[in-house]
1. Checking the table K62/K137; K57/K244; K44/K244; K44/K275; K151/K211 against a 31 Å threshold on Cα-Cα, which pairs fail?
2. Would you mind checking the range 108-122 for residues with the amide N under 13 Å from a putative spin-label position 7 Å along Cα→C-beta of Q162?
3. Quick one: accessible area per residue over the range 183-296, 1.4 Å probe, rounded to a whole number of Å²?
4. Counting C-alpha atoms alone, how compact is the range 44-84: give Rg to one decimal and Dmax as a whole number, in angstrom.
5. Could you check how much of the accessible area of the chain is carbon and sulfur, as a whole percent, using a 1.4 Å probe?
6. What are the DSSP H helices in the chain that stretch 20 Å or more along their long axis, judged by alpha-carbon atoms, and whose average Kyte-Doolittle hydropathy comes to at least -1.0?
7. Could you give the nm distance between label points at F264 and R215, where each point is 7 Å from its Cα heading toward the beta carbon?
8. What is the Cα radius of gyration of the range 254-295 over 2.2 N^0.38 Å, N being its residue count?
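The values are calculated or read from the model by the stated rules, or taken from the named source; none is laboratory data. Fair warning: this is a prediction, and the values are worked out from it, not measured in the lab. No Cβ is skipped: glycine too gets one built from the backbone with ideal geometry, and neighbour counts run over all protein chains shown. We work out accessible area using only protein heavy atoms, side chains counted, and drop any ligands, DNA or RNA first. Shrake-Rupley method; radii C 1.70, N 1.55, O 1.52, S 1.80 Å.
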Amino acid sequence: MTIIHSVTGNVDSSELGLTLIHEHMRVRSESVFAQFPHLYDEEKEFARAVQQVNKVKQLGVKTICDPTVMELGRDISFIERVARETGVQIIAATGIYTYHYIPPHFQNRDVDYMADLFVRDIEVGIQNTSIKAGFLKCAADAQGITPDVEKVIRAAARAHNQTGVPIMTHSYPGSRNGLKQLDILLEEGVNPERILIGHTGDTDNLEYILKVLDRGAFIGMDRYGLTSECSTENRNTTVIELAKQGYANRLFLSQDHCCTIDWFPEGAAEQMYPKWSMSFVLEEVIPELLRNGVTEEQIQMMMVENARRWFEGK
Ligand SMILES: [Zn+2]
């Protein structure tokens, strides 16, 4: 049993239930929002998030992990409002989402200064509230492990070492950098069983995926519906094969859905990714996996048990 901070209060790890491990209530380019707030419609965004979360609640989801952190426009009051309106447990994150750069504020200070801020989010509260983060998030993308990116990964590791909350990454399997993230996290002393290498399902290269798994980490097959890096069919083929090889206890299925995302003009994401929603995995992917040899027990492992194990560390 482990106590987990949700945005509406503490949850026992045995109470997570059906969990979506990686979904965003809202993603904003935070500097754009700070300077041009007239572009945004808070109530429309709230309604969209509530609609998606209520939909998956009807399908049995009890918990959503929302890894929206600094540079994705994290607004903890917005997430809390969605959780209160829907009754779904939402677990928020701390960390920094960057592919290559951190602001001068952090460039001119050391790793431990950044780690202390993450620890404060976990132990005191986020954005001057008493709402605490439940896990850590860091990222690396096609730009690789730049010095700034490495600083965030090390800070996440050190905040984990102080608080015990698990770590989720955004990785870019195209350059196999999940392995580099693991190198740094393990060097800082993190147990691989507390690490989730996110977006590993963006490749169907089993040789790479098995290397990540053999290091002992969880992996995210967590971008269902986003078809530019990998099709749904290829994502499924990988999950079916990994389940067959006995790895269902290390996989998470999710969509990385953003109920609102301002990175694209209005309507563009829906046009590019017509299947991308918070309910795609439950409505279409899981039935397809079950038709192809994945067992109910393995689904239970991927959708319920693995979240508990990642938070508990056992
Ligand atoms: Zn994400």
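1. From K62/K137; K57/K244; K44/K244; K44/K275; K151/K211, over 31 Å: K44/K244.
2. Counting only backbone N, you get 110-122.
3. Counting only protein heavy atoms, the per-residue value for the range 183-296 is 41 Å².
4. Values for the range 44-84 (Cα only, Rg and Dmax): 10.7, 31 Å.
5. On the way: 6150 of 12630 Å².
Carbon and sulfur atoms account for 49 percent of the accessible area of the chain.
6. Answer set is 147-163.
7. Rounded to a tenth, the inter-label distance reads 3.0 nm.
8. Compared with the compact-globule rule of thumb, the range 254-295 sits at 1.43.
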